């Protein structure tokens with residue numbers, strides 16, 4: 001590794017392993033110090049870096065620390081506790097969308113859907129922008145395009161921002177919905193593969209601010225945007 005970008009990529013990738021607590025990379029010495037809840041063989045660590053063959057790991061100095069007292073296990077979170085950020089965000093956006101739909105006294109479902117789409121993309125792009133590099137690294141773990149073209153992760157965040165503004169301004173509705181349909185369809189492919197393969201990785205939908213696991217919730221989230229863009233295309 002010769003640059004901070006390489007170090008960030010390796011660190012972010014290794015942290016996807018549930019038992020890895022921290023990764024500290026020394027660029028000058030070309031070494032990585034990995035703190036783990038349990039010992040993980042270098043072969044297992046290398047396996048998660050299989051998409052980056054130029055980064056090779058080998059054990060240099062393994063130190064085991066045994067606690068005198070048994071560690072206190074964190075209570076398992078409920079579904080609502082885990083996905084509380086997404087539930088709150090969707091609730092706020094849905095409320096605003098319903099209010100906008102009733103603004104003229106008669107419910108306008110097209111306006112409600114357009115406002116919902118605007119709120120969705122603007123909010124989610126905001127969280128991605130908070131740590132653009134971290135999002136791009138996480139996104140490349142499962143997205144079919146980002147795995148081959150790392151720059152897509154960076155472009156995707158700005159594309160979401162552009163779509164959010166387009167929906168908010170009602171700019172070229174047909175084109176905006178068509179682009180949304182294409183982008184979200186591509187996005188859901190990687191999500192489906194990860195969930196079906198039961199990969200325990202972080203969902204990058206809200207960037208790196210919240211540690212949300214990839215699950216059927218992510219599928220529903222992307223699927224909803226696909227259905228809404230389809231509906232708006234057929235009903236306009």
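Numbers for the structure displayed
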quantity	calculated
Peptides 31-38, 221-228 ordered by average Cβ neighbours within 10 Å, highest first	221-228, 31-38
Fraction of the pair-distance distribution of the range 122-168 above 14 Å, Cα-Cα pairs, percent	44 percent
Protection proxy ranking, peptides 152-161, 167-176, average beta carbon neighbours within 10 Å, highest first	152-161, 167-176
Scattering curve values for the range 79-235, log₁₀ I(q)/I(0), Debye with Cα scatterers, q = 0.09, 0.14 Å⁻¹	-0.28, -0.68
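No value in this document is a laboratory result; all are computed from the given coordinates. Nothing here was measured: the structure is a model prediction, and the numbers come from that model. Don't worry about glycine lacking a Cβ; one is built from the backbone with ideal geometry, like all the others, and counts go over all protein chains shown.
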